[in-house]
Structures are given as C-alpha cells and as structure tokens.
1. Which of (1) closer than 22 Å to Thr100 by Cβ; (2) open to solvent by 20 Å² or more (accessible area, probe 1.4 Å); (3) touching a residue at least 40 places away in the same chain (Cβ under 8 Å); (4) of a type outside the set (Lys, Arg) is the odd one out, the single condition Glu48 does not satisfy?
2. Just one of (1) open to solvent by 50 Å² or more (accessible area, probe 1.4 Å); (2) modelled with pLDDT under 95 trips up Gly43, so point out which.
3. Which condition number in (1) assigned to a helix (DSSP H, G or I); (2) free of Cβ contacts under 8 Å to residues at least 60 places away in the same chain; (3) closer than 15 Å to Thr208 by Cβ; (4) open to solvent by 40 Å² or more (accessible area, probe 1.4 Å) is the one that Pro262 fails?
4. Could you grab me the full set of residues in the stretch 202-232 that are among the hydroxyl-bearing types (Ser, Thr, Tyr) and within 16 Å of the ligand (Cβ to nearest atom)?
5. So Ile282 ticks every box in (1) in contact with a helix residue (DSSP H, G or I) (Cβ under 7 Å, 6 or more places away or on another chain); (2) open to solvent by less than 20 Å² (accessible area, probe 1.4 Å); (3) more than 16 Å from Arg337 (Cα to Cα); (4) not charged (D, E, K, R) but one. Which box is left unticked?
6. Is it true that some residue in the stretch 387-409 is open to solvent by less than 10 Å² (accessible area, probe 1.4 Å), over 29 Å from the mean Cα position of the chain (by Cα) and not small (Gly, Ala, Ser)?
7. Taking the stretch 369-386, which residues are in contact (Cβ under 8 Å) with a residue 24 or more places away in the chain, among the hydrophobic types (A, V, I, L, M, F, W, C) and more than 15 Å from Ala325 (Cβ to Cβ)?
8. Quick test of your reading of the structure: Glu350 fulfils all but one of (1) part of a loop (DSSP other than H, G, I, E, B); (2) within 16 Å of the ligand (Cβ to nearest atom). Name the failing condition by number.
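The values are calculated or read from the model by the stated rules, or taken from the named source; none is laboratory data. All values reported here derive from a predicted model rather than from experimental measurement. A quick note on method: Cβ atoms are made from the backbone with ideal geometry, for glycine too, and the neighbour counts reach across all protein chains shown. Just so you know, the surface numbers come from the protein's heavy atoms only, side chains and all, with ligands and any DNA or RNA stripped out. Shrake-Rupley method; radii C 1.70, N 1.55, O 1.52, S 1.80 Å.
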Amino acid sequence: MKKVCVVGLGYIGLPTSAIFANAGFEVVGVDVNEKVVQTLNKGEIHIEENGLPDLFKKVVREGKFRASLVPEKADVFIIAVPTPIHEDYTANIDYVIDATKSILPYLEKGNVVIVESTIPPRTMDDVVAPIIREHGLDPEKDIYLAHCPERVLPGRILIELVENTRIVGGVTKEAAKKAADVYRAIVKGEVIETEAVTAEMSKLMENTFRDVNIALANELVKISRRIGVDAHKVIELANKHPRVNIHLPGPGVGGHCLAVDPYFIVEKAKEESPLIQTARRINNSMPHFVVEQIQRMTAELTVPKVAIFGLTYKGNTDDVRESPAIKIYELLKQQGRFEVRAYDPHVKQEQVSFPLSTLEEAVDGAHLVVVLADHNEFKNMKAEDFATMKTKVIFDTKNCVHLHDESITVYKIGNLHSVNAIQE
Ligand SMILES: NC(=O)c1ccc[n+]([C@@H]2O[C@H](COP(=O)([O-])OP(=O)(O)OC[C@H]3O[C@@H](n4cnc5c(N)ncnc54)[C@H](O)[C@@H]3O)[C@@H](O)[C@H]2O)c1
C-alpha cells in the first residue's frame with residue numbers, strides 16, 4: 001500500500017485525500033490551520049461538497065486518513081495550497097514555496113512530488129525544482145517532480161476527480177510517467193503526460209478561455225441594454241449555430257480560478273495579452289454595472305431596501321472567494337443610501353464580515369430582491385416567498401428565477417432596456 005501526504009486540505013486537497021484513501025492508499029493530510037486539523041480528526045469536515053461528508057467519515061472510520069499539522073515521510077506528496085493574487089494582480093506563490101519547503105525534511109530519493117495548485121507558467125522549473133535542488137536532492141534524477149492541475153467543478157468534485165481527463169506535466173519525462181501512474185490508480189478518465197510548463201499553461205488557458213467568453217456575454221448584456229434587445233434570447237438563438245457557444249452573462253466573475261488565473265498569464269506576457277486583460281476589465285466592471293441598474297430601479301425611493309440573494313460566486317456552493325456578490329453588497333453599502341440585507345442558505349455567518357439574514361428577514365419590507373447566485377433554492381422559489389415585500393420586484397442577474405406571477409416584476413440581466421423605477 002502506498003502512502004500519500006497531501007499538503008493543504010481545502011476544496012481540492014480534502015476531496016483528493018478522501019478519494020486516495022478510499023482507493024486503499026494510506027493518506028496523511030497536512031494543514032497549517034489547527035482548527036481544520038482538529039475538525040478533520042473528529043471525522044467532520046469544514047467545507048461543503050456533495051457526497052464528501054459520507055466518504056470522509058468512511059475513510060476516517062477505516063483508519064485510511066488522518067490529519068496532521070506537519071508532513072510525514074510518504075511515497076507521494078501532493079501540494080494543494082492556495083495561489084491567490086497580490087493587490088497588484090501578480091501571483092502569490094508563497095504558499096506553494098512554504099509547502100514545498102515543509103516537505104523537504106521528509107523527502108527521500110524516489111518520491112513523487114506533485115503540485116496541484118494552479119501556478120504561473122514555469123513555476124515548476126524555475127521555483128519548485130530549485131528549492132529541491134538547494135536541499136541536496138536532484139529534481140531531475142532523485143525526485144519525480146510534476147504539476148497536475150486540478151479542473152474540478154465545485155459541487156461535482158468527487159465525480160470529476162475520478163472522471164475528468166488529467167494533464168500531468170513532468171519536470172522530466174520519467175517524472176510525468178511516475179506521477180501519471182499515481183493518478184491512474186484513482187482516475188477513470190484519460191491521464192495525459194506532458195512537460196510541466198505545458199500543463200501549467202493548459203490549466204491557465206482553460207480558465208482564461210472561460211473568462212474571455214463570459215466577458216463577451218457580459219459585453220453583450222451591456223450592448224443589449226443600450227439597443228433594446230434581450231441578450232438571453234440572442235444567446236439562445238445564436239447558440240443554435242452548431243459551432244457557436246456564447247457563455248452565460250452574470251453579475252461578474254468570481255472564485256479562485258476564473259477571476260485569478262488569467263492574471264498569471266498576463267504577469268508573464270503583458271504586452272502579448274491585451275485580449276485577456278480587456279476580458280478581466282469587463283468582468284470586473286459587472287458588479288458596478290449591477291449596482292447602476294439597482295440605482296435605476298430604486299431611483300425614486302428615499303431609503304431603498306434591497307435584499308441580496310446569494311453571496312457565493314457560483315450556485316449551490318458555499319464558496320465566497322472573489323465573489324462579485326460580496327463586491328455588490330459592499331458597493332451598495334458604500335452609497336449610504338440603501339438598507340441592504342443579505343441572504344444565502346449556503347453561507348455561514350463566520351464566512352462574511354456583515355450580518356446575514358434569514359429568507360423571511362431579507363424579504364420583509366424589501367423593495368427589491370437581487371438574485372446573484374443560481375442556487376437551487378432560488379430556482380424553486382414561489383410567489384409566497386415574496387409575500388412580505390413592500391414592492392415586489394426581483395432583479396435576476398443569473399437568469400434562474402422562473403416565477404410567473406402577475407404581482408411580481410422580474411427584471412433579467414439580459415433584458416434591462418425598459419426598467420421602470422420602483423414606486424413606494
Ligand atoms: N477550489 C477549486 O475549485 C479549484 C479548482 C481548480 C484548481 N484549484 C487550485 O487548487 C489550489 C488549492 O485551492 P483550494 O480551493 O483547495 O484552496 P483552499 O483555500 O480551500 O485550501 C487550501 C488549504 O491549504 C492550507 N495551507 C496553506 N498553506 C499551507 C502550508 N504551507 N502547508 C499546509 N497547508 C497549507 C490552508 O490552510 C487551506 O486549508 C489553488 O491553487 C487553486 O487555484 C482550486
């Protein structure tokens with residue numbers, strides 16, 4: 001039985017640990033957060049992900065997984081720590097550097113070291129490999145060093161970890177093969193071997209492709225408002241073309257991937273990436289656009305009461321990182337004119353710095369509900385849920401509200417040409 005040491009037990013490291021443990025590996029999970037380690041060793045988990053609580057309990061009960069504050073000797077090390085951006089939009093790879101240094105005392109010749117964190121191009125060759133070399137091990141001979149980017153969809157992580165195609169980029173050919181064999185033990189999808197830099201760039205381009213295409217859809221929303229056409233209808237019809245796939249517009253792009261990864265490319269090739277930079281600017285402008293529309297809708301009210309529905313960057317998850325909804329909440333508060341309440345059935349109070357409301361508290365006396373996440377709870381709402389609103393108006397930025405009730409006005413983000421200001 002092989003032993004795997006997973007460093008970083010968040011949205012990626014924890015499900016990955018559970019899958020390896022369930023496949024028969026002995027897994028020790030390492031995290032610098034004491035609370036995370038304590039919670040996990042009790043058999044409980046600190047993140048929301050479909051199916052994970054049950055699988056996790058099972059592997060802990062079977063003694064296949066244990067959490068620790070420090071790494072241990074193992075056959076395989078998997079690094080899944082955060083890679084956020086600095087305020088100047090450059091990559092912060094300090095966590096990857098710290099995590100790599102933390103495993104050095106436990107590394108032995110023949111070990112496989114895999115970085116799953118999303119990293120700027122050339123990080124494996126120019127940053128991670130030199131750390132191992134300085135420690136006295138040859139990253140091209142003694143250690144099998146590889147980058148295997150993660151491309152799972154939150155909410156479907158346990159399925160996609162097994163079914164998705166994996167790209168394994170080795171610092172050497174042999175490293176790619178050894179690391180690919182590790183994944184072949186758990187993955188049903190294809191496992192493709194390549195060079196580290198190609199794996200790094202392919203991951204970044206996947207998210208950049210989506211970011212750029214969402215920017216195109218968001219630009220269409222703005223154009224549609226100007227010329228008076230329903231962007232959602234335009235997208236639906238254009239996508240009938242067999243080779244067109246216009247993405248979905250929304251209140252902005254958030255999360256740890258799409259809103260961050262394109263900057264990793266820009267940082268390394270600024271002059272060559274004007275399209276990527278423009279797309280980022282368009283998507284970053286969407287929270288302001290949403291707030292402008294809220295202002296239009298509430299222009300005639302003295303103290304507009306706005307209920308924000310959904311704070312996560314994505315539906316049916318609890319992830320609020322880089323969420324445009326949080327930005328919209330803050331922008332509204334900054335105006336000083338609005339009374340803002342926020343409701344999200346997936347988000348816990350400790351995740352945000354402002355008070356959360358229940359559904360009843362949020363709608364009570366509200367002039368406007370603004371839907372910012374396509375949680376299933378919002379898709380299935382009934383007219384009764386809005387009964388206590390003062391004026392029954394919903395601004396749906398995710399095109400997910402399907403209410404057909406004459407007493408409720410629903411404005412969709414794709415169709416904002418004729419908005420009537422709400423009357424008290
Ligand atoms: N979440 C996703 O859907 C997703 C998808 C694809 C790729 N990624 C990438 O995977 C990486 C991890 O993302 P995540 O969402 O799991 O992050 P996360 O913030 O949920 O978890 C990271 C964990 O690492 C821990 N940590 C930080 N430094 C550490 C260190 N030196 N040693 C041990 N533990 C440490 C943190 O305490 C935290 O618990 C990032 O690079 C991210 O871009 C994430």
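1. Result: Glu48 passes all but (1).
2. Here Gly43 meets the rest and fails (1).
3. Only one criterion is unmet by Pro262, namely (4).
4. So in the stretch 202-232, the residues among the hydroxyl-bearing types (Ser, Thr, Tyr) come out as 202, 208, 224.
If the condition is that a residue be among the hydroxyl-bearing types (Ser, Thr, Tyr) and within 16 Å of the ligand (Cβ to nearest atom), then Ser202, Thr208 are the ones that fit.
5. Result: Ile282 passes all but (2).
6. No.
7. Step one: of the stretch 369-386, the residues in contact (Cβ under 8 Å) with a residue 24 or more places away in the chain are 369-378, 383, 385.
With among the hydrophobic types (A, V, I, L, M, F, W, C) added as a condition, the list becomes 369-373, 378, 383.
Of everything in the stretch 369-386, just one residue is in contact (Cβ under 8 Å) with a residue 24 or more places away in the chain, among the hydrophobic types (A, V, I, L, M, F, W, C) and more than 15 Å from Ala325 (Cβ to Cβ), namely Ala383.
8. Only one criterion in (1) part of a loop (DSSP other than H, G, I, E, B); (2) within 16 Å of the ligand (Cβ to nearest atom) is unmet by Glu350, namely (1).
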